[in-house]
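Before any comments, here is the structure.
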């Protein structure tokens with residue numbers, strides 16, 4: 001984390017995010033989802049054509065978490081910066097597909113907004129290097 005000691009709000013926001021991820025990692029999807037606002041939004045920048053890039057609201061987020069769980073999705077995050085309600089996080093992720101293609105882990109940056117102790121949004125952006133590696137590994141049609 002950049003700067004001096006994190007503010008109590010930043011520490012609380014990071015703990016909320018970490019708790020959500022820990023619950024996801026052990027298969028407690030409802031426990032993970034409980035940390036999200038009812039109108040929470042996930043935006044994925046750099047997904048492949050034909051893949052959904054936005055999930056909004058608890059029902060879509062629940063379906064997204066179920067889909068991730070089904071492909072044995074794993075994530076490792078490192079807090080980079082906190083600015084107000086925003087957490088910028090470096091992320092490595094693995095899934096069945098990226099393992100099979102030999103491109104795991106994919107690298108990205110995530111920006112979370114946490115307000116009133118709930119995650120209100122997350123934007124994930126794949127790095128150019130990981131996107132190129134993924135695209136090169138996919139079969140050409």
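Read the figures in this text as sums done on the coordinates, not as results from a lab. Predicted model only: the values in this text are computed from it and were never measured. Using ideal geometry, Cβ is built from the backbone for each residue, glycine included, and neighbour counts are taken over all protein chains shown.
The table below gives the values:
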{"quantity": "Simple label model, 7 Å out from Cα along Cβ direction - residue 101 to residue 81, nm", "calculated": "2.8"}
{"quantity": "Projected label distance in nm at residue 45 and residue 69, using a 7 Å step from Cα toward the beta-carbon", "calculated": "3.0"}
{"quantity": "Rough spin-label spacing in nm, given labels placed 7 Å along Cα→Cβ, for residue 15 and residue 59", "calculated": "3.4"}
{"quantity": "Degrees separating the helix 128-137 axis from the principal Cα axis of the chain, which is the longest one", "calculated": "30"}
{"quantity": "Computed Kirkwood radius, in angstrom, where 1/r is averaged over Cα pairs of the chain", "calculated": "15.7"}
{"quantity": "The stretch 23-98 shape via C-alpha gyration tensor axes, a/c threshold 1.5", "calculated": "rounded"}
{"quantity": "Value of relative contact order over the chain, rounded to a whole percent, pairs C-alpha under 8 Å and six or more apart", "calculated": "24"}
{"quantity": "Angle between the chain longest axis and helix 8-25 axis [Cα atoms, degrees, rounded to 10]", "calculated": "40"}
{"quantity": "Computed helical MRE - 222 nm, the chain, DSSP H runs ≥ 4 contributing -39500 (n - 2.57), nearest 500", "calculated": "-11000 deg cm²/dmol"}
